Amino acid sequence: MIVLAAIAAYNIRFAQITAEIRPIIFNLPFKEYFYIVLLVGLIWIIIFALSGLYNIRSTRSLIKELYYVFLACSTGLVAIVVFIFFFRELFSSRFIVLAAWMLAIIFVSIERSLIRLIQRILFRYDIGVHKVVIVGNSKSSDILINKFSSDLNSGYEVVKRLRDFSIETAQELEEFLKGKEVDEIIQSDPNMSKAETLRLYDFAYDNHLTFKYAADLLDTKVLKTEVTEIAGLPIVEVKKTSLEGWGRINKRIFDIVVSIILLILTSPITLITAIQKKMMAVLSIGWVKVEDCLNILSLEA
C-alpha cells in the first residue's frame with residue numbers, strides 16, 4: 001500500500017491536468033524515484049512495526065487502529081522531511097511527498113479495514129478462533145466469559161470453564177483435550193492457590209498450550225495498567241492517567257508531527273501573506289514620497 005500510494009502520487013504529479021495547473025520544473029525519472037520509494041517503504045515498515053501495527057491479534061478498535069496508522073504515516077513523513085533537509089538535491093517535489101503521505105494514510109487505512117473485515121468474517125466461520133479454557137471462580141472469570149461469548153469479533157471461544165484446578169480437575173481436563181481442540185488456558189482467578197496455579201502452568205506446558213493469567217488483585221477496578229519486569233518478576237503498575245510513560249511520548253510525537261505537517265501545508269499561505277505585507281509597505285512608503293513631492297511643488301508654485 002505504501003508503494004502504491006507513492007506511485008499514485010507520482011502519476012498525479014506528472015499527469016497533464018496537474019502539470020497545466022503547476023508546471024513541472026524538476027527532473028525525476030520514475031526508475032530513480034522507485035528506488036527511493038523502496039528505501040522509504042522499508043523505513044516506514046520499521047516505523048509501523050515499532051508502532052505495534054503488526055500485532056495480528058490486536059483487540060483495539062478500528063478508530064484506534066486508524067489513529068495508529070495516521071500516527072505511523074505521519075512519523076514516516078517527518079523522517080522524509082528530515083531526509084530532504086539534509087539531502088535536498090535528492091528530491092525536489094513537495095507535492096509528491098505530501099500527496100504520497102495522504103494517499104498512504106488512505107490506502108493503508110482501507111487495507112487495514114479490509115483485513116479486519118476478512119478476519120471477522122473468518123471468525124464467524126470458526127476459522128482462526130482461539131479455543132480457550134477459563135480456570136477460576138471470580139468476577140474476572142465471568143467478565144471474560146461474557147466478553148468472549150457476546151463478541152464474536154474477539155477471536156476467542158470459551159470451550160470449557162473450571163472453577164479450580166485440583167488433581168481431579170486436571171484429570172478431567174486431560175480427558176477433555178482428547179476429544180476437543182484447545183489453544184489457550186487463561187487463569188482468571190487471582191485468589192487461586194499457588195499450588196493450583198503451578199499445577200495449571202505445568203499442565204499447559206506439558207500439553208503445549210498457551211498459558212495466560214489475569215493479574216487482577218483489585219477485582220477489575222483498574223482500567224489502565226502497565227506490566228514491567230524487575231529482577232525477573234512481572235510487576236503490574238496502575239496508571240493514574242493515559243499520559244504517563246509511552247502515552248506521554250506518543251502524545252508528544254503526535255503534537256510534533258501535526259505541527260510539522262501544518263507548517264508544511266501553511267507555508268505557501270504564510271509566504272504569500274508576507275509578500276503582500278512587504279508590497280503594501282513599499283507602496284505606502286512610495287505614496288508618502290509622492291505626497292511629499294506634491295507638497296513641495298505646491299509650495300514652490
Q: Output the peptides 62-70, 103-111 sorted from most to least packed, where packing is the average of other Cβ atoms within 10 Å over each peptide's residues.
A: 103-111, 62-70
Q: Take every DSSP beta bridge with both residues inside region 129-221 and express the antiparallel ones as a percent of the total, to the nearest 5.
A: 0
**Q.** Rounded, prolate or oblate (a/c below 1.5 giving rounded, otherwise prolate when a/b exceeds b/c) for region 129-221 by Cα gyration tensor
**A.** oblate
Q) What does the charge dipole of region 12-120 about its Cα centre add up to, to the nearest 20 debye, if the Cβ of each Lys and Arg holds +1 and the Cβ of each Asp and Glu holds -1? A) 380
Q.
Along the Cα→Cβ direction, 7 angstrom out, place labels at residue 127 and residue 50. What is the inter-label distance in nm?
A. 3.6
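When the chain is fully extended, how far beyond the present Cα-Cα distance does residue 161 get from residue 15, taking 0.36 nm per residue of separation? Walk me through the numbers on the way to the answer.
Values: separation 146, 0.36 × 146 = 52.56 nm, distance 6.21 nm.
Stretched fully, the residue 161-residue 15 segment lengthens by 46.3 nm.
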Q: Once you've got the Cα coordinates, tell me which of 139/178; 147/180; 160/212 are over 24 Å apart.
A: 139/178
Q. Given labels modelled 7 Å from the Cα in the Cβ direction, how far is it in nm from residue 106 to residue 79?
A. 2.3
Q. Within region 167-194, whose backbone N sits under 15 Å from a point 7 Å along Cα→Cβ of residue 137?
A. 167-170, 188-194
Q. Between residue 31 and residue 153, what FRET efficiency follows from the Cβ-Cβ distance if R0 is 41 Å, with the result rounded to 0.05?
A. 0.40
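Every number here is computed from the coordinates shown, using simple stated rules; none is lab data. Please read these numbers as outputs of a predicted model, since none were measured by experiment. When we count neighbours, we look across all protein chains shown, and the Cβ atoms used for this are built from the backbone with ideal geometry, even at glycine.
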